[in-house]
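Novice: Here you go, one structure.
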Amino acid sequence: MSRLSLAALAALPPTVAKPAWDPRQVGIGIVHLGIGAFHRAQTAVYSDDALAVEGGAWGICGVSLRAAEVRDRLAPQDGLYTAVEKSPSGVRRRIIGSVREVLFLGEERDAVQARLVAPSTRIVSLTITEKGYCHDPATGKLNFNHPDIVHDLAEPARAQSAIGLLVAGLEARRREGTPAFTVLCCDNLPHNGVLVRGLVLALAAARDATLARWIEDHARFPSTMVDRIVPATTGPDIVDNDAALGLHDAAPVMHEPFRQWAIEEAFVSGRPAWDRVGAQIVADVAPFEAMKLRLLNGSHSALAYLGYLAGFEFIYQVAAQPDFALLTRRLMGEEVAPTLKPPSGVDLVAYQNVLLERFSNPALAHRTQQIAMDGSQKLPQRLLGTVRDNLVAGRSINLLALAVAGWIRYASGVDESGQEITVCDPMAVAFARVAAAQRGNPPALAREFLGLRAVFGADLPADPRFASQVAGWLSALFADGAARTVARAVH
């Protein structure tokens, strides 16, 4: 079978949408660190739409930081790939052309650095997941003991971390008299622009205080909120897509119909016409961000941990269970929504109803274990900020505590049938050590997990209300299992 490429676009069937502009004629203006599925199903799609309506030199150079696989899949097909929208009403496919170059840092460092320094590069965006920022999730501060940061301080010219690459790129632009670029974080982090700015300035200051001041004065770090459910692409997904295209596409991405992108208007030297294709350009992203992180991501995590423990592989299967659906509705309505100040014109009840519909989409096979990854990095912004707000206000944390207990039960590494759980998390070794020492003693297990300050800080473990409720729910999960415990919680 021939491979998808610019030359093969004409061979696509009419049911597959193609770029409404010529990718060969578009210059590169964005470097994107972390060219994974989410970027290709969300922000790169917005860029593709923007190029269609307004053009401009806003093509994307995608940079893979850890592995060559994405480059090796995309480069032979001229950066093209299929975005596959799945819903109960059917499947829609379109070819995305906004990614004009793909590089792998491990083999093309000089080319990556050249792109970062090039005056034509006006935006450097990121989707590297929470753990990619080398920070302490509980405090938001740069972790100077992180191996990548230790390396980048010792060898700044060969940075391994995204933060190190940003500092190196900005340092070179300062040295060469090139204007700074805009750093656009598109990961699920609270106040993500402010946070990344702080991390970049901290690393820069550790190297050169003058450089840190230059970055502070000249670079911009707008905050964003991104929202689209993007499950991992499977082998059968690729086979089905190839059959629909009549060509081989090694890198399709699956996604739901819904998408949202709120962006703070704070750019050094322009941006694509994202606002003309559905993105919301706003003065303050915080209300959008809190609403999404706490309602969608918090509920998603709760469903992932408890649903996996109950034996469900996919989120739509969990959401179809009446007790789990009621848990989600009550968690959002009773414990999360009271902490929020929604953006103007947003109906929070309607938003919650839409989330339940999105979780229940049977066409989207989003694995519970995919969402369960990296919980130590996700819990602080998805669940624990809400816990803190409710503790201060004297409101219920009952279901939030159950969700946290679900994470601890999952992270302890053994499921309800006694089988090992593959726990993918930067702190997995610490989890395994705690679980081995406290196996068979849920209260002690809860106490030791809550003592992980990088996740819970110093305040939450010391709060008897939070600690006792988590310990109680964890004991119930071990004694009765997730399904019976969820039923008890909602009835």
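Novice: Of Ser161, Ala483, Ile95, which is farthest along the charge dipole of the chain in the positive direction, counting Lys and Arg as +1 and Asp and Glu as -1 at C-beta?
Specialist: About the Cα centre, the residue reaching furthest to the positive side is Ala483.
Novice: Please get the size of the charge dipole for region 9-282, origin at its Cα centre, with Cβ charges of +1 on Lys and Arg and -1 on Asp and Glu, quoted in debye to the nearest 20.
Specialist: With Lys and Arg at +1 and Asp and Glu at -1, about 300 debye.
Novice: May I ask for log10 I(q)/I(0) of region 135-279 at q = 0.11, 0.12, 0.17, 0.18 Å⁻¹, from a Debye sum over the Cα atoms as equal point scatterers with solvent left out?
Specialist: Here log10 of I(q) over I(0) equals -0.57, -0.66, -1.01, -1.06.
Novice: Sequence neighbours fewer than 8 away in the same chain don't count; with that in mind, list the lysines whose C-alpha is under 18 Å from Lys86.
Specialist: List returned: Lys18.
Novice: Based on alpha-carbon atoms only, what is the radius of gyration of region 389-439 relative to the globular estimate 2.2 N^0.38 Å?
Specialist: Ratio of Cα Rg to 2.2 N^0.38 Å: 1.40.
Novice: Here is a further query. If you place +1 on the Cβ of every Lys and Arg and -1 on the Cβ of every Asp and Glu, how big does the dipole about the Cα centre of the chain come out, in debye to the nearest 20?
Specialist: Roughly 340 debye for the chain.
Novice: Next question, about the same structure. Mind listing the phi-derived Karplus ³J(HN,Hα) values for region 27-39, rounded to whole Hz, using 6.51, -1.76 and 1.60 with θ = phi - 60°, and x for any glycine or proline?
Specialist: These are the phi-based 3J(HN,Hα) values: x, 8, x, 10, 9, 10, 8, x, 7, x, 5, 5, 4 Hz.
Novice: Taking the Kirkwood radius as the inverse of the mean 1/r across Cα pairs, report the Rg/Rh of region 1-68.
Specialist: 0.98
Novice: Please work out whether region 9-282 counts as rounded, prolate or oblate from its C-alpha gyration tensor, where a ≥ b ≥ c are the square roots of the eigenvalues and a/c under 1.5 means rounded, while otherwise a/b larger than b/c means prolate and anything else oblate?
Specialist: prolate
Novice: Which stretch or stretches of region 26-69 have amide N atoms under 16 Å from the point lying 7 Å from Thr178's Cα along the Cα→Cβ direction?
Specialist: Taking a point 7 Å out along Cα→Cβ of Thr178, the residues of region 26-69 whose backbone N falls under 16 Å are 27-33, 58-63.
Novice: Next question. Under 5 Å between amide H atoms, partner at least 5 residues away or on a different chain: which partners does Ser125 have, H built in plane at 1.01 Å?
Specialist: Answer set, sorted by chain and number: Val31, His32, Leu33, Leu184.
Novice: On a C-alpha basis, how far is the centre of region 147-162 from the centre of region 369-385 in Å? Whole number, if you could?
Specialist: Computed from Cα coordinates, the inter-centre distance equals 26 Å.
Novice: How are the alpha carbon pair distances in region 286-490 distributed across 5 Å bins from zero to the largest one, expressed in percent?
Specialist: 1, 8, 17, 21, 22, 16, 10, 4, 1, 0, 0
Novice: Please sort 222-230, 458-466 by packing, taking for each peptide the average over its residues of neighbouring beta carbons within 10 angstrom, highest first.
Specialist: 222-230, 458-466
Novice: Averaging over every viewing direction, what projected area does the convex hull of the Cα atoms of the chain cover, in nm²?
Specialist: One quarter of the hull surface, i.e. the mean projection, equals 22.6 nm².
Novice: With n ≥ 4 as the cut-off for DSSP H runs, can you work out [θ] at 222 nm for the chain, using -39500 (n - 2.57) per run divided by the number of residues, rounded to the nearest 500?
Specialist: My calculation for the chain gives -13000 deg cm²/dmol from helical runs alone.
Novice: Any idea what the relative contact order of region 187-284 is, in percent, if you count C-alpha pairs under 8 Å spaced at least 6 apart?
Specialist: Relative contact order of region 187-284: 26 percent.
Novice: Okay, moving on. If amide H atoms are built 1.01 Å from N in the plane of the peptide, which residues on other chains or at least 5 residues away come under 5 Å of the amide H of His135?
Specialist: Amide H to amide H, under 5 Å and 5 or more residues apart or across chains, His135 pairs with Asn143.
Novice: In nm, give the distance between the simple-model label positions of Glu155 and Ala350, each being 7 Å from the Cα along the Cα-to-Cβ direction.
Specialist: If labels sit at Glu155 and Ala350, their model points lie 5.4 nm apart.
Novice: Okay, next question. List every residue whose amide H lies under 5 Å from the amide H of Ala251, counting only residues 5 or more places away in sequence or on a different chain, with H placed 1.01 Å from N in the peptide plane.
Specialist: Thr82
Novice: Sorted by average packing, counted as other Cβ atoms within 10 angstrom per residue and highest first, what order do 51-57, 245-251 take?
Specialist: 245-251, 51-57
Novice: Residue by residue through region 55-66, which ³J(HN,Hα) values in whole Hz follow from phi under the Karplus form 6.51 cos²θ - 1.76 cosθ + 1.60 (θ = phi - 60°), with glycine and proline marked x?
Specialist: Listing the rounded values in order: x, x, 7, 10, x, 10, 9, x, 10, 8, 8, 10 Hz.
Novice: Give me the aspartates and glutamates in straight-line cross-link reach of Lys378: C-alpha distance below 15 Å, same-chain residues under 8 apart excluded.
Specialist: Within the straight-line limit of under 15 Å, Lys378 reaches these aspartates and glutamates: Glu130, Asp136, Asp187, Glu289, Asp425.
Novice: Let me ask another. In percent, how large is the relative contact order of the chain, given Cα pairs closer than 8 Å and 6 or more residues apart?
Specialist: Relative contact order of the chain: 14 percent.
Novice: So how far apart, in nm, are the two label points at Ser468 and Ala75 if each is 7 Å from Cα heading toward Cβ?
Specialist: Between Ser468 and Ala75, the label points sit 6.0 nm apart.
Novice: Convert each backbone phi in region 15-21 into a coupling constant with the Karplus relation 6.51 cos²θ - 1.76 cosθ + 1.60 (shift: θ = phi - 60°), then list the ³J(HN,Hα) values in order as whole Hz, x for Gly and Pro.
Specialist: Residue by residue, region 15-21 yields 6, 9, 6, 10, x, 8, 8 Hz.
A short reminder: the numbers here are calculations on the coordinates, not readings from a lab. Keep in mind that what you see is a predicted model, and the values were worked out from it rather than measured. So basically every Cβ, Gly included, is an ideal-geometry build from the backbone, and we count neighbours across all protein chains shown.
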